[in-house]
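**Student:** Have a look at this one.
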Amino acid sequence: MEDDLANLRLVDEEEEAIQEDAAAVESISQFFLVGRCLTDSVVHFPSLRNTMADIWHPIGGIYITDLGEKRYLFQFFHEVDIARVLAGTPWFFNNHLLILKRIPYGQNPATLELNSIEFWVQVHELPPGLMSKPLAKQLGNFCGGFIGYDSAIPVLGSKRYMRIRVCLDVAAPLKRKNKIQVGKAMTAYACFKYEKLSLFCFICGKLGHGESFCPLRLRIEPSKIVFGWDLSLSTVVGRRTLEVSKWLREADGSQYFAEKLQKVAGEQHNWCKWGEEDLAINGFGKGPMDMVLEEENDAVAMVEGKKRQRVVEELDDFLGSKEGSRSMYLSASSSDQSSRDQ
């Protein structure tokens, strides 16, 4: 009898809650990020810890804990550092994508879903009438989820491009293009490239593995495998032009001349090209890129009403009148791959 009463008292004591200040706990949790490496390979945690700390070099310092299953807890000590890291995503370790996310109040970092990552996507060589925020939102939602729009229109030589921030589902294939319907007579295809794009598969189009380790190889005969994705989805790191000193000479004392970078052939305004031959040249005829996802051919309707009419009129004036139906392909490419913030 006495043992039963003692057990009841123990249960009552165990149910007595210890009170903590919720505001204080929430303020501390704001300085934590949970992340995981998108890879099936073994990740050496000490190397990851030192590498990411060196890349980020946070002013207030950082403490990194291994949670297991390629999942890590990053503790910062100042909002400036954690905000800068999140703004610089995506980050990589040994070419593997590092997915980072803030920990919502009350959530367990060991079980928090880490299946999405933010990327910058750029759309190049769009006619002025199509470079608008409403279209950017539609294209961003098509790629995954629209987050933001870079209102500044950068200029690279004669090229202009539109830049959008999107949230990508790492379990879904990368989107390559999207059909745009302008009025009833004009059809366009906007194609995407991604800044800081790292390892992805040329067969399934997914992030985190290469074509050599694609699971589809187990279900498809080697002779029937189609490479529907390629390096055209990623940006090319720009090279700075090196100015040569006028004092340099060749071995025989003659004037020293540096080799000049040649422009890549075919960098024309391909949205001005009409006809099937031009479409095939631009990679949208027969071939791997013709094996597109069905949703990539679902047209994005332009702005309704007067704005829509004005866009079509501006395009008519810009491109010139043409009888019959119009088909226009718009190339989209990313800006030079951004270097990691250090």
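**Student:** I'm trying to understand the selection: among the residues of the range 29-72, which are farther than 28 Å from Lys206 by Cβ and either in the same structural domain as Leu168 (by TED's automatic domain parsing) or among the small types (Gly, Ala, Ser) (or both)?
**Tutor:** Those that are farther than 28 Å from Lys206 by Cβ and either in the same structural domain as Leu168 (by TED's automatic domain parsing) or among the small types (Gly, Ala, Ser) (or both): Ser29, Ala53, Gly60, Gly61.
Yes/no per residue for (1) at pLDDT below 85; (2) touching a Ser or Thr at 6+ places or on another chain (Cβ under 8 Å); (3) crowded, with 18+ Cβ neighbours inside 10 Å:
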residue	(1), (2), (3)
Lys133	no, yes, no
Ala136	no, no, yes
Gly145	no, yes, no
Gly148	no, no, no
Leu156	yes, yes, no
Arg163	no, yes, yes
Pro173	no, no, no
Ile203	no, no, yes
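**Student:** For the range 212-230, state whether one or more residues are in contact with a strand residue (DSSP E or B) (Cβ under 8 Å, 6 or more places away or on another chain) and at pLDDT below 90.
**Tutor:** No.
**Student:** Tell me which of these Asn94 doesn't satisfy, since it passes every other one: (1) surrounded by 14 or more Cβ atoms within 10 Å (Cβ to Cβ); (2) in the same structural domain as Gly205 (by TED's automatic domain parsing); (3) within 21 Å of the chain's Cα centre (by Cα).
**Tutor:** Of everything listed in (1) surrounded by 14 or more Cβ atoms within 10 Å (Cβ to Cβ); (2) in the same structural domain as Gly205 (by TED's automatic domain parsing); (3) within 21 Å of the chain's Cα centre (by Cα), Asn94 misses just condition (2).
**Student:** Are any of the residues in the range 49-61 in contact (Cβ under 8 Å) with a residue 60 or more places away in the chain and closer than 22 Å to His209 by Cβ?
**Tutor:** no
**Student:** Among (1) crowded, with 20+ Cβ neighbours inside 10 Å; (2) closer than 22 Å to Val170 by Cα, which single condition is Trp56 missing?
**Tutor:** (2)
The values are calculated or read from the model by the stated rules, or taken from the named source; none is laboratory data. What you see is a predicted model, and the numbers here were worked out from it, not measured in a lab. Note: ideal-geometry Cβ built from the backbone for every residue, glycine included; neighbour counts use all protein chains shown.
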